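Below: one structure, written as structure tokens.
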Amino acid sequence: MGIAVWLGRVIFAIIWGVLAANIVAPFPGKWFAFFLLLTAILVILHAIQLLMFVTVYKPHLQWRGGDYWQVIFFGVVGWMAIMRAQPQRIASQATTTSED
């Protein structure tokens, strides 16, 4: 699963790079509007995913500030990374709590 998460992050980084390039240096013709629409759709879908994940799972998981951004930028791939990190986060919190 670790490779799938990193591969998904790389793919989303490329997608975000193309969408950002369209905003910085608009693509010719109708491509500008098309990629602008794709950018809006991607942001809206990832925001909806974030809302769903936070609403359902936040009380059951250990959330960090960067987790919100991870879901906004990477969507479900970011969510998989958060879920994958939970055992380590729980263990580190248990260690911190037992030391206090």
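Just to confirm the number: angle between the C-alpha axis of helix 31-57 and the first principal axis of the chain, 0 to 90 degrees, nearest 10? The helix 31-57 is inclined about 20 degrees to the chain. Helix 65-74 and the long axis of the chain differ in direction by around 40°, with both axes built from C-alpha atoms. For Phe27, the residues whose modelled amide H falls within less than 5 Å of its own, excluding neighbours fewer than 5 places apart on the same chain, are Phe32.
At q = 0.14, 0.17, 0.22 Å⁻¹, what is the base-10 log of I(q)/I(0) for the range 6-49 according to the Debye formula with one equal point scatterer per Cα and no solvent? Please give it to two decimals. The calculated log intensity ratios at q = 0.14, 0.17, 0.22 Å⁻¹ are -0.35, -0.50, -0.76. Given the -39500 (n - 2.57) contribution per DSSP H run of 4+ residues, what per-residue ellipticity at 222 nm results for the chain, rounded to the nearest 500 deg cm²/dmol? Rounded to the nearest 500, it is -29000 deg cm²/dmol.
Can you tell me the order of 33-46, 75-88 when each peptide is scored by its average per-residue count of other Cβ atoms within 10 angstrom, highest first?
Details: 33-46: 13.5, 75-88: 16.6.
Averaged packing, sorted descending, gives the order 75-88, 33-46.
Choose one of Gln88, Ile72, Val18: the residue whose Cα lies farthest towards the positive end of the charge dipole of the range 2-99 (beta-carbon charges +1 Lys, Arg; -1 Asp, Glu; about the Cα centre). It is Val18. Find the percent of Cα-Cα distances in the chain that exceed 23 Å, and round it to a whole number. Across the chain, Cα pairs with separations above 23 Å total 39 percent. The magnitude of the dipole of the chain, with charges of +1 and -1 set on the Cβ of Lys/Arg and Asp/Glu and taken from the Cα centre, is near 260 debye.
FYI, it's all coordinate maths here, none of it is from the lab. Quantities reported herein were computed from a predicted structural model and do not represent experimental measurements. Counting neighbours? That spans all protein chains shown, and the Cβs are built from the backbone with ideal geometry, glycine included.
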